[in-house]
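Trainee: Dropping a structure here in structure tokens format, bear with me for questions.
The values are calculated or read from the model by the stated rules, or taken from the named source; none is laboratory data. Quick caveat: nothing in here was measured; it's all calculated off a predicted structure. A quick note on method: Cβ atoms are made from the backbone with ideal geometry, for glycine too, and the neighbour counts reach across all protein chains shown. SASA here: full protein model, heavy atoms, side chains in, ligands and nucleic acids out. Shrake-Rupley method; radii C 1.70, N 1.55, O 1.52, S 1.80 Å.
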Amino acid sequence: MHPPGTERRVAKHFRAGTHRTRPPDQTFRDYSRFMGPMGITRLANVTGLDFIGVPVYVAVRPNARSLSVTQGKGLDPDSAKVSALMEAIECWHAEHIDKPLRYESPHALRRSAEVMDLEPLLAQMGRESLPHAPLLWMEGYDLIRQTAVWVPWELVSLYDVPPPGVVRTFTPSSNGLASGNHLLEAMVHGLCELIERDATTLWFLSEDGTGGKASQLRLDTVEEPLCRALLERLAEAGLRVGVYDNTSDVGIASYQCVLFDKPGALRRMGYFWGFGCHLAPEVALLRALTEAVQCRLTEITGTRDDIPWEAYQQNRDEEELREMERLILEPPPSLRFDARRSLAGEGFEEDLTRVLEALRGAGITSVVAVDLTRPEVGVPVVKMLAPELESGALEGPFGTRARRRMLQGEEPR
């Protein structure tokens, strides 16, 4: 289930809040030299703009072809700094794709090559099939079918200005774009993001009017030391925290967290969601919690260039905040954190195999990896595509999995 030529044994040497092949400070020492060539002018520590104290950094690329500011978070400054740097690096790769392209219709291209099935994606867009419309294509590798396959360039590229004369069919998205110390590390990370977005869509569609109470975690059952320390820090900062296990039928641990100030707080920031998915539940939970903190700081800093003014106002309704607090507190949740076991292996080749097996078990028939690594740079970057998974959109239109959830109700976990 690995792309041809990929090293099969990739051990994990860092497990403090995440799983990586090496510690964050080593990654930074190696990859920070690319800041200049990639137009990254600043890595800013914005942690102190909020009172929580969880490290958050931003990476600034003024001449970016998509977002000019990316965020990174972590349990320590090194992790947050590297997180912001790596997100900027992977976006740069998706903006500067240097791969052979073909310009043909799906129907014509199928005469000479394997083509990714676009119907699931078009269904999520509410679009009809486009068998005769020409598109730009680039080659990837289907990890489930074990074959080379051509995918639309638009699904991979983050270059917001299309080539002359080309009308976009698909909206640019960073969903599934990932970087790492090794290609397999990046692939697992990208797949977990795809699974997380899919799980989030299904959870919100199956929400039963009680705030998802059956899936809400009892936070006092979280005993893993790093998670416990982070929850205590949030409580000391005067924040309400609600965590939900939104793991889908794929079976890879996925959590979502809502975070907001208690009533009467000096500064009421509204509420913020964070999401996380990983084979190790404690890592998934940490990602959800730290992402919620990062989202607060994203609003505080005001530097993210894809957030409209209306978004800064939409979650400040006091009545809505009081209702959110009621849903979190009443009645008390009963789901234990230790009810979900870890599926993480000793190496990334084992993790990749387990993720792919889980996806196949949920009926997913195609998972494509597009290697964006540039030889002259050497940073592993990949775009993962699984067209049958839901994209994370909550307003529709939806694909087959979401429509099935709406018709049948929530599936057993």
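Trainee: Report yes if some residue within segment 371-386 is under 18 Å from Leu194 (Cα atoms), modelled with pLDDT of 90 or more and β-branched (Val, Ile, Thr); otherwise report no.
Mentor: Checked against the condition, which is being under 18 Å from Leu194 (Cα atoms), modelled with pLDDT of 90 or more and β-branched (Val, Ile, Thr), segment 371-386 yields at least one hit.
Trainee: Residue under question is Gly53, and the condition is that it be in contact with a Lys or Arg (Cβ under 8 Å, 6 or more places away or on another chain), under 25 Å from Leu136 (Cβ atoms), small (Gly, Ala, Ser) and modelled with pLDDT of 95 or more; does it hold?
Mentor: Details: in contact with a Lys or Arg (Cβ under 8 Å, 6 or more places away or on another chain): yes; under 25 Å from Leu136 (Cβ atoms): no; small (Gly, Ala, Ser): yes; modelled with pLDDT of 95 or more: yes.
Against the criterion (in contact with a Lys or Arg (Cβ under 8 Å, 6 or more places away or on another chain), under 25 Å from Leu136 (Cβ atoms), small (Gly, Ala, Ser) and modelled with pLDDT of 95 or more), Gly53 does not qualify.
Trainee: Assess whether Ile328 counts as being under 14 Å from Leu191 (Cα atoms) and open to solvent by less than 60 Å² (accessible area, probe 1.4 Å).
Mentor: Details: under 14 Å from Leu191 (Cα atoms): no; open to solvent by less than 60 Å² (accessible area, probe 1.4 Å): yes.
It is false that Ile328 is under 14 Å from Leu191 (Cα atoms) and open to solvent by less than 60 Å² (accessible area, probe 1.4 Å).
Trainee: Still on this model: When only residues in segment 76-116 that are open to solvent by less than 70 Å² (accessible area, probe 1.4 Å), touching a Ser or Thr at 6+ places or on another chain (Cβ under 7 Å) and assigned to a loop (DSSP other than H, G, I, E, B) count, which is nearest to Leu135 (Cα to Cα)?
Mentor: Per the stated criteria, the residue is Met116.
Trainee: I've got another one for you. Among Thr365, Thr353, which is the only one that is over 21 Å from Leu183 (Cβ atoms) and β-branched (Val, Ile, Thr)? Explain how you work it out, then say what you get.
Mentor: On the way: Thr353 fails: over 21 Å from Leu183 (Cβ atoms).
On inspection, the qualifying residue turns out to be Thr365.
Trainee: Considering (1) open to solvent by less than 10 Å² (accessible area, probe 1.4 Å); (2) of a type in the set (Asp, Glu); (3) under 23 Å from Leu327 (Cα atoms), say which one Asp198 fails and leave the rest.
Mentor: Unmet for Asp198, out of (1) open to solvent by less than 10 Å² (accessible area, probe 1.4 Å); (2) of a type in the set (Asp, Glu); (3) under 23 Å from Leu327 (Cα atoms): (3).
Trainee: Still on this structure, please answer the following. With the requirement that a residue be among the small types (Gly, Ala, Ser), in a loop (DSSP other than H, G, I, E, B) and either at pLDDT 95 or above or within 22 Å of the chain's Cα centre (by Cα) (or both), what does segment 1-36 give you? Steps first, please.
Mentor: Step one: filter segment 1-36 for residues among the small types (Gly, Ala, Ser), giving 5, 11, 16-17, 32, 36.
Remaining after also requiring in a loop (DSSP other than H, G, I, E, B): 5, 16-17, 36.
Ala16, Gly17, Gly36 - these are the residues of segment 1-36 that are among the small types (Gly, Ala, Ser), in a loop (DSSP other than H, G, I, E, B) and either at pLDDT 95 or above or within 22 Å of the chain's Cα centre (by Cα) (or both).
Trainee: Also, quick follow-up: Which one of the conditions (1) in contact (Cβ under 8 Å) with a residue 60 or more places away in the chain; (2) surrounded by fewer than 18 Cβ atoms within 10 Å (Cβ to Cβ); (3) touching a strand residue (DSSP E or B) at 6+ places or on another chain (Cβ under 7 Å) does Phe51 fail to meet, given that it meets all the rest?
Mentor: Evaluating Phe51 over (1) in contact (Cβ under 8 Å) with a residue 60 or more places away in the chain; (2) surrounded by fewer than 18 Cβ atoms within 10 Å (Cβ to Cβ); (3) touching a strand residue (DSSP E or B) at 6+ places or on another chain (Cβ under 7 Å) leaves (3) as the failure.
Trainee: Related question: Every residue in segment 221-250 that is assigned to a strand (DSSP E or B) and of a type in the set (Gly, Ala, Ser), please. Before you say what the answer is, go through the steps one by one.
Mentor: Step one: list which residues in segment 221-250 are assigned to a strand (DSSP E or B), which gives 239-245.
Result: Gly242, single match.
Trainee: Could you list, ordered by first residue, the pairs with Cβ atoms under 7 Å in which the first is in segment 342-366 and closer than 15 Å to Ser248 by Cβ and open to solvent by less than 40 Å² (accessible area, probe 1.4 Å) and the second is in a helix (DSSP H, G or I) and β-branched (Val, Ile, Thr), at least 6 apart or interchain?
Mentor: Val355/Val188
Trainee: What number goes with the only condition from (1) free of Cβ contacts under 8 Å to residues at least 12 places away in the same chain; (2) open to solvent by 50 Å² or more (accessible area, probe 1.4 Å) that Val161 does not pass?
Mentor: The failed condition is (1).
Trainee: Taking His13, is it open to solvent by 50 Å² or more (accessible area, probe 1.4 Å), farther than 18 Å from Gly302 by Cα and not polar (S, T, N, Q)?
Mentor: On the way: open to solvent by 50 Å² or more (accessible area, probe 1.4 Å): yes; farther than 18 Å from Gly302 by Cα: yes; not polar (S, T, N, Q): yes.
Yes: the conditions hold for His13.
Trainee: Return yes when Glu291 is of a type outside the set (Val, Ile, Thr), under 23 Å from Arg336 (Cα atoms), surrounded by 16 or more Cβ atoms within 10 Å (Cβ to Cβ) and out of contact with any helix residue (DSSP H, G or I) (no Cβ under 9 Å at 6 or more places or on another chain) and no when it is not.
Mentor: yes
Trainee: Return yes or no: is Met187 closer than 16 Å to Glu104 by Cα, open to solvent by less than 50 Å² (accessible area, probe 1.4 Å) and either among the charged types (D, E, K, R) or outside any loop (DSSP other than H, G, I, E, B) (or both)?
Mentor: Working: closer than 16 Å to Glu104 by Cα: no; open to solvent by less than 50 Å² (accessible area, probe 1.4 Å): yes; either among the charged types (D, E, K, R) or outside any loop (DSSP other than H, G, I, E, B) (or both): yes.
Taking the combined requirement at face value, the residue does not satisfy it.
Trainee: Quick one: which residue in Leu279, Leu286, Leu321, Leu297 is among the hydrophobic types (A, V, I, L, M, F, W, C), out of contact with any Asp or Glu (no Cβ under 7 Å at 6 or more places or on another chain) and at pLDDT 90 or above?
Mentor: Details: Leu279 fails: out of contact with any Asp or Glu (no Cβ under 7 Å at 6 or more places or on another chain); Leu321 fails: at pLDDT 90 or above; Leu297 fails: out of contact with any Asp or Glu (no Cβ under 7 Å at 6 or more places or on another chain).
Among Leu279, Leu286, Leu321, Leu297, only Leu286 is among the hydrophobic types (A, V, I, L, M, F, W, C), out of contact with any Asp or Glu (no Cβ under 7 Å at 6 or more places or on another chain) and at pLDDT 90 or above.
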